[in-house]
Amino acid sequence: MQSGYTDAFGKIDTPFYFYDMDLFRTTVSELASLSSLYGIKVHYAIKANTEERLLRHIASYGFGADCVSGNEVLHAYRCGFRPEDIVFAGVGKSDREITESLKLGIGTFNCESLQEIEVVNGFAASLGVRANVSVRINPDIDAHTHKYVTTGLYENKFGVSRHEFEALVALLGRCGAVDLQGLHFHIGSQITDVEEVYSLECRRASEIVRWFEDKGLEIRNIDLGGGLGVDYEDPDANPVADFGTWFRTIAENLPLKPGQSVHVEPGRSVVAQCGTLISRVLFVKSGETKTFLILDAGMNDLIRPALYGAYHKIENLSAEVHDGRERDQVYDVVGPVCESSDVWGAGRLLPLSVRGDLMAIRSAGAYGQVMASRYNLRDLAPAVFSDDLVKNIF
Ligand code: LLP
């Protein structure tokens with residue numbers, strides 16, 4: 001990690017989430033220039049990271065927010081997103097979440113079932129407002145990613161499937177308080193076969209859009225969701241996600257009619273690489289067959305390894321600044337939580353590590369802090385921003 005903040009980290013209680021704001025700003029500005037080059041509208045999926053500073057910066061570029069709960073909608077609004085730039089997705093929106101979002105005047109409800117469209121229509125009619133609706137379609141596409149983050153297959157709970165399309169057209173004709181904006185697709189997360197998977201999504205989306213247009217519906221927005229993957233193996237080699245390949249693939253595979261626009265909802269690719277979970281070695285323990293490095297950060301701080309078997313690069317920051325640590329050792333790096341799945345990485349080759357060393361768990365900016373819990377009554381790791389720290393002088 002080239003952060004240059006190891007001295008400053010040494011003065012802060014661990015564990016904490018460190019955000020490299022230079023990298024974050026570079027990422028957002030690259031996203032802005034490439035999305036405008038290709039004429040693609042971006043709604044940042046705030047579920048990946050809801051830190052107010054990050055959201056305010058993203059909102060300042062005029063991006064929208066993709067939200068999946070009433071609280072996310074309100075938080076996005078409070079952090080500077082304009083109501084009309086907020087979209088609200090999710091298979092299970094409660095009555096309160098729907099009515100509050102209607103009162104706020106959000107841009108679009110991404111509806112996931114026929115019943116939901118009827119309910120949104122009913123609340124809009126009784127409030128005397130109109131609801132903009134896009135319909136999430138289940139395109140039955142394999143995103144080649146972890147089964148827990150695949151969403152576009154018929155076996156998944158998301159979206160409306162083909163057998164309901166005729167009924168959907170009839171329903172939209174009956175819903176007087178609903179204005180159809182477009183169709184929404186999101187097929188999964190941490191997609192690394194970018195050209196293959198997204199070109200397939202675009203071709204399938206085009207076919208489905210054409211089907212609805214043939215039925216007389218106007219599809220103004222085609223929302224392809226998020227999912228662009230990041231490099232967890234080597235974050236320093238690829239600090240900024242490959243937005244260019246993503247957008248080029250979309251532009252080449254999704255023909256648009258005049259007046260039609262493409263939307264995307266990246267989450268991970270915007271925030272993953274700027275975030276690092278900083279921890280300390282509490283103990284070095286020799287097991288019968290292994291050596292354990294026991295850190296003060298655990299699965300409650302970042303659940304991805306325990307939940308998905310996700311790989312996060314681990315670095316010993318203290319060894320980077322002290323001499324005489326070249327001797328590498330193989331460690332099982334683990335957390336303090338009372339669960340055997342609280343493992344950061346088994347069999348990791350690291351410099352010889354000792355009690356008190358600062359450790360970095362990389363690429364933790366997305367689905368890290370937001371998924372933390374107080375399991376074992378442990379404290380929540382706070383956010384620390386590079387803008388507030390002084391860099392090493394050497
Ligand atoms: N749009 C919709 C409708 C989504 O469900 C998601 C993510 C996104 C956009 C943003 O996808 P992204 O660009 O971040 O891949 N906790 C898991 C990831 C769950 C993703 C859920 N949906 C993880 O840590 O890998």
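The values are calculated or read from the model by the stated rules, or taken from the named source; none is laboratory data. All figures in this text were calculated on a predicted structure; none of them were measured in a lab. No Cβ is skipped: glycine too gets one built from the backbone with ideal geometry, and neighbour counts run over all protein chains shown. Protein only, heavy atoms only, side chains kept; ligands, DNA and RNA dropped before computing areas. Shrake-Rupley method; radii C 1.70, N 1.55, O 1.52, S 1.80 Å.
Using helices alone, what [θ] at 222 nm do you get for the chain, with -39,500 (n - 2.57) per DSSP H run of 4 or more residues, divided over all residues and rounded to the nearest 500? The partial results should precede the final answer.
Numbers: 12 runs with 120 residues, N = 394.
Taking each H run of at least 4 residues, the total per residue is -9000 deg cm²/dmol.
When DSSP assigns beta bridges and you keep just the ones with both residues in the chain, what percent turn out antiparallel, to the nearest 5?
40 percent
Expressed in nm to one decimal, what extension gain is obtained for the pair residue 214 and residue 37 from 0.36 nm per residue of sequence separation less their Cα-Cα distance? All intermediate terms of the calculation are to be shown ahead of the outcome.
On the way: separation 177, 0.36 × 177 = 63.72 nm, distance 3.03 nm.
The residue 214-residue 37 span can extend by a further 60.7 nm.
Restricted to Cα positions, what overall size does region 253-315 have along the principal axes? Three whole-Å values, descending.
On the principal axes, region 253-315 reaches 67, 22, 20 Å in Cα extent.
For region 344-390 and region 248-300, what is the centre-to-centre distance using only Cα atoms, to the nearest Å?
So the two Cα centres are separated by 13 Å.
Just to confirm the number: angle between the C-alpha axis of helix 194-214 and the first principal axis of the chain, 0 to 90 degrees, nearest 10?
Helix 194-214 and the main axis of the chain meet at about 20 degrees.
Can you pull a Stokes-Einstein diffusion coefficient for region 31-114 at 4 °C (1.567 mPa s), Rh from Kirkwood over Cα pairs, as a whole number of µm²/s?
Details: Rh = 12.9 Å.
Taking Rh from Cα pairs, D becomes 100 µm²/s.
Report the calculated FRET efficiency for residue 290 and residue 371 (r = Cβ-Cβ distance, R0 = 35 Å), to the nearest 0.05. Walk me through the numbers before you get to the answer.
Values: r = 28 Å, r/R0 = 0.79.
Plugging the Cβ-Cβ distance into 1/(1 + (r/R0)^6) gives 0.80.
How far apart, in nanometres, would the label points at residue 130 and residue 25 be if each is projected 7 angstrom from Cα along the Cα-to-Cβ direction?
Each label point is offset 7 Å from its Cα along the Cβ direction, giving 4.1 nm.
Once the dipole of region 145-302 is set up with Lys and Arg at +1 and Asp and Glu at -1 on Cβ about the Cα centre, which of 183, 297, 239 lies farthest towards its positive end?
With unit charges placed on the Cβ atoms, the residue in question is 183.
Any idea which of 46, 16, 122 is furthest toward the positive side of the dipole for the chain, if Lys and Arg beta-carbons carry +1 and Asp and Glu beta-carbons -1?
122
So how do 285, 290, 47, 11 rank on accessible area, 1.4 Å probe, biggest first, that is with the largest at the start?
On the way: 285 110, 290 90, 47 65, 11 170 Å².
Greatest to least solvent exposure: 11, 285, 290, 47.
At R0 = 35 Å, how high is the FRET efficiency between residue 100 and residue 207 if r is their beta carbon distance? Nearest 0.05 is fine.
Working: r = 36 Å, r/R0 = 1.02.
So the FRET efficiency works out to roughly 0.45.
Between helix 243-253 and the chain, what is the angle of the helix's C-alpha long axis to the longest principal axis, kept within 0 to 90° and rounded to the nearest 10?
Roughly 30 degrees between the two axes.
Top mean-square fluctuation among 288, 30, 252, Gaussian network model of the chain, C-alpha springs under 10 Å?
Comparing 288, 30, 252 in a Gaussian network model of the chain, the most mobile one is 288.
R0 = 35 Å: FRET efficiency of residue 237 with residue 339, Cβ-based, nearest 0.05? Could you put the intermediate results ahead of the total?
Details: r = 32 Å, r/R0 = 0.92.
According to the calculation, E is roughly 0.60.
According to a simple spin-label model (label point 7 Å from Cα along Cα-to-Cβ), what is the distance in nm between residue 78 and residue 379?
Modelled inter-label distance: 2.3 nm.
At q = 0.08 Å⁻¹, what base-10 log of I(q)/I(0) does the Debye formula yield for the chain when every alpha carbon is treated as an equal point scatterer in vacuo?
At q = 0.08 Å⁻¹ the computed log10 ratios are -0.46.
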